[in-house]
Every structure is written in structure tokens, then in C-alpha cells.
Amino acid sequence: VLFFWLPYFLGKTFEPVTANLIAALYSVGMMPGGIIVGYVSDLFGGRRAVVIGTFMGLLLVFLGVFAKFSESGNMNPVALLFMLGCMGILVGGPNNIITSAVAADLASHPSVRGSNKSLGTVTGLINGCG
């Protein structure tokens with residue numbers, strides 16, 4: 001949702017070029033997110049659910065700060081760039097892990113093993129809902 005609506009909402013406060021740059025940093029932040037979540041997950045013995053939950057909890061903090069500053073109309077572009085880059089990591093990491101590692105885990109389940117059709121359905125559902 002942020003991918004499509006963020007430039008629109010930022011365009012109400014900033015110049016179009018600045019709004020698009022800030023919105024692009026959110027998308028750029030999503031790229032290293034999967035690597036960061038995977039690395040942190042490995043540090044915690046492969047407990048992806050704990051890491052994903054922690055990242056989502058941190059995301060709530062950033063969303064709260066973002067909401068507070070956006071309501072006051074007192075948004076500093078540099079702080080916003082930093083916040084949206086971090087928010088991109090916090091959203092992109094869990095999304096990448098859920099759509100890849102969880103699909104691989106489900107693919108090894110005995111009820112799906114050996115059935116390419118079932119494996120494709122599981123992977124498609126996870127990526128489609130994702």
C-alpha cells in the first residue's frame with residue numbers, strides 16, 4: 001500500500017521530486033531487509049517467527065512516530081528519509097522471509113512432498129497473499 005500511496009501523501013507536504021525520493025528510499029530499504037532478517041534469524045538459531053515478530057514490533061514504533069510528526073505537519077525530510085528507509089527494512093525483511101523460507105518449510109511437509117501441483121499451490125498462496 002505504501003508503494004502506491006506514499007508519494008501521493010508526501011506530495012501534499014513536499015515538492016514532487018522530494019516526495020518521490022523519500023518514497024523511493026522506502027522501496028530501496030526493502031531490498032536489504034531479507035538479508036538482514038535472514039542473518040539475524042541465523043544468529044537466533046533459525047527462529048524466524050521471533051525475528052519477524054520483533055521486526056513488526058519495531059515497525060509499530062516507527063509508524064507511531066511517523067503518525068505523530070505527520071499530524072503536526074512538522075516533518076523534517078532527512079528524518080523522514082531515515083525513518084522510511086528503516087521502515088522499508090522492517091517490512092521487506094519479514095515479507096521476503098515469509099515468502100521464501102516459509103514456502104520452503106511448507107514444501108517439505110509430508111502432505112505436500114512429492115506433489116508438484118501441491119507445492120505450486122502452497123508457493124502461489126504464500127506469494128499471492130504476501
Review point. Which pairs have Cβ atoms under 9 Å, sit 6 or more apart or on different chains, and link a residue in the range 101-114 that is in contact (Cβ under 8 Å) with a residue 24 or more places away in the chain to one that is of a type in the set (Val, Ile, Thr)?
Key: Val102/Ile126; Ala103/Val122; Ala103/Thr123; Ala103/Ile126
Exercise for review: Among what's in the range 115-128 and is among the polar types (S, T, N, Q) and surrounded by fewer than 17 Cβ atoms within 10 Å (Cβ to Cβ), pick the residue that is modelled with the highest pLDDT.
Suggested key: Thr121
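The values are calculated or read from the model by the stated rules, or taken from the named source; none is laboratory data. Because the structure is predicted, anything quoted here is derived from the model rather than measured. Every residue, glycine as well, gets a Cβ built from its backbone with ideal geometry; the counts of neighbours run over all protein chains shown.
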